[in-house]
Amino acid sequence: MNNPQTDAHRNLVTIDDLTSEELETVLDDAAARKATAPAERAQPLAGQTMAMLFEKPSTRTRVSFETGMTQLGGHAIFLGPEDIHLGHGEPICDTARALSGYVDFIIARVFDHGDVVDLAKYAGVPVVNALTDDAHPCQTLADLLTIREQFGDLDVSVAWVGDGNNVCQSFALGAAMTELDLTVATPEGYEIDDSVRERATSVGTAPTETNDPEAAVADADLVYTDVWVSMGQGDERDQRLDDFAGFQVTPSLVGDRPVMHCLPAHRGEEITDETLESENALVWQQAENRLHAQNGLLTWLAE
Ligand code: CP
Ligand code: NVA
């Protein structure tokens, strides 16, 4: 079976598991594959299988990975919280080792980031983080691909307006690994973690941080937001709606700048209906690019 002690393989637990050069390679491959007619795209994962462990709901991540495996010639098995013994008594280390005897990739969407770290530690095949409470590296791949398509390169100033949690933290690291210039505006208490700031500094430049959305947007080419109440935070909803007052992404805040959102959006909370429906919203391109970016990633991980 695949053995984590002896097998050389790479994981994507956080975006900075890649070097800047590897990140560029994955994005280039994703772009090239997207530009190729579907019938002519290579199927480098013929005969390979992916296990998809999901503790939280998902539309984009689940469907883009399952579809991506089909397009790459492989097969995906979706395993929700009631489908397997994980979470019902079997520990992650045992699940990781058993699955590694069957499949070629494991992706996982879990609450506790440490669970994906443990999966990667014990699995003998590549493990990909499909969202934890701390990180969403696959979203960052798609986001960077989208910005490159929109602006031609990543020499772009982005204003993040909203919660400094998972999507923001991965995007901040992705920005640090590229020439992207990022300003993050959060309410007090919702900033990115100190550890993310330190890692961003170690791979490049940490984002500028502020508690003033208007100041963040002033010199930005693009505005990006995410929900104020993430999956698993329903109990904090009332407090969060109070805390994020003034951070809504509205037409008057963004002007004619393009707008990104990882989705799902809570219209009327972090973003207005009008902003999301405007011609400036890149959200559908961004959502589609999950598929292309992940196909680039899986192809690279399999090499
Ligand atoms: N952006 C994102 O990960 O969407 P899903 O929760 O639908 O997978
Ligand atoms: N911050 C959001 C992202 C969803 C893709 C959440 O964790 O629910």
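Here are the numbers for the structure shown:
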read-out	value
Output for the stretch 63-89, where each listed residue is in contact (Cβ under 8 Å) with a residue 60 or more places away in the chain and either within 16 Å of ligand 1 (Cβ to nearest atom) or of a type in the set (Val, Ile, Thr) (or both)	Ser64, Phe65, Thr67, Gly68, Met69
Matching residues, the stretch 81-90, being touching a His at 6+ places or on another chain (Cβ under 9 Å) and surrounded by 13 or more Cβ atoms within 10 Å (Cβ to Cβ)	Pro81
Test: residue in the stretch 107-119 that is in contact with a strand residue (DSSP E or B) (Cβ under 9 Å, 6 or more places away or on another chain) and of a type in the set (Lys, Arg)	yes
Strands (runs of 3 or more DSSP E) contained in the stretch 104-220 and holding at least 1 residues more than 28 Å from Cys93 (Cα to Cα)	157-161, 181-185, 208-210
Scope the stretch 240-260; condition polar (S, T, N, Q) and farther than 14 Å from Ala185 by Cβ; matching residues	Ser252
Hey, Val26 under 29 Å from Thr178 (Cβ atoms) and either in contact with a strand residue (DSSP E or B) (Cβ under 6 Å, 6 or more places away or on another chain) or open to solvent by 70 Å² or more (accessible area, probe 1.4 Å) (or both) or not	no
Among (1) under 15 Å from Val127 (Cβ atoms); (2) in contact with a His (Cβ under 9 Å, 6 or more places away or on another chain) - the single one Tyr102 does not satisfy	(2)
Residues that are open to solvent by less than 10 Å² (accessible area, probe 1.4 Å) and farther than 14 Å from Leu154 by Cα, drawn from the stretch 170-186	Ser170, Val184, Ala185, Thr186
For Gln150: the one exception among (1) touching a residue at least 60 places away in the same chain (Cβ under 8 Å); (2) of a type in the set (S, T, N, Q); (3) within 14 Å of ligand 1 (Cβ to nearest atom)	(3)
Output for the stretch 165-213, where each listed residue is within 16 Å of ligand 2 (Cβ to nearest atom), out of contact with any His (no Cβ under 7 Å at 6 or more places or on another chain) and under 19 Å from Gln286 (Cβ atoms)	Asn165, Cys168, Gln169, Phe171, Ala172, Leu173, Gly174, Val184
Selected residue (only one of Arg60, Arg109 is within 16 Å of ligand 1 (Cβ to nearest atom), open to solvent by less than 60 Å² (accessible area, probe 1.4 Å) and touching a Ser or Thr at 6+ places or on another chain (Cβ under 9 Å))	Arg109
Criterion: of a type in the set (Gly, Ala, Ser), in a helix (DSSP H, G or I) and open to solvent by less than 60 Å² (accessible area, probe 1.4 Å) - qualifying residue of Ala76, Ala51, Ala98	Ala98
Test: Pro213 is open to solvent by less than 70 Å² (accessible area, probe 1.4 Å), more than 29 Å from Leu18 (Cα to Cα), modelled with pLDDT of 95 or more and touching a strand residue (DSSP E or B) at 6+ places or on another chain (Cβ under 9 Å)	yes
Matching option when the condition is touching a Phe, Trp or Tyr at 6+ places or on another chain (Cβ under 6 Å) and either within 21 Å of Thr19 (Cα to Cα) or more than 14 Å from ligand 2 (Cβ to nearest atom) (or both), among Pro137, Pro126	Pro126
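The rows are residues; the columns are (1) among the hydroxyl-bearing types (Ser, Thr, Tyr); (2) closer than 24 Å to Gly232 by Cα.
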site	(1), (2)
Asp94	no, no
Ala108	no, yes
Val125	no, no
Asp134	no, yes
Ala142	no, yes
Glu149	no, no
Ser157	yes, no
Asp163	no, yes
Leu180	no, no
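Here is a yes/no grid of residues against (1) touching a residue at least 24 places away in the same chain (Cβ under 8 Å); (2) among the β-branched types (Val, Ile, Thr); (3) closer than 30 Å to Asp29 by Cα; (4) open to solvent by 60 Å² or more (accessible area, probe 1.4 Å):
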position	(1), (2), (3), (4)
Met231	yes, no, no, yes
Ala245	no, no, no, yes
Leu253	yes, no, no, no
Asp273	no, no, no, yes
Ala281	no, no, yes, no
Gln294	yes, no, yes, no
Leu298	yes, no, yes, no
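The values are calculated or read from the model by the stated rules, or taken from the named source; none is laboratory data. Please read these numbers as outputs of a predicted model, since none were measured by experiment. Counting neighbours? That spans all protein chains shown, and the Cβs are built from the backbone with ideal geometry, glycine included. Ligands, DNA and RNA are excluded from the accessible area calculation, which covers all protein heavy atoms including side chains. Shrake-Rupley method; radii C 1.70, N 1.55, O 1.52, S 1.80 Å.
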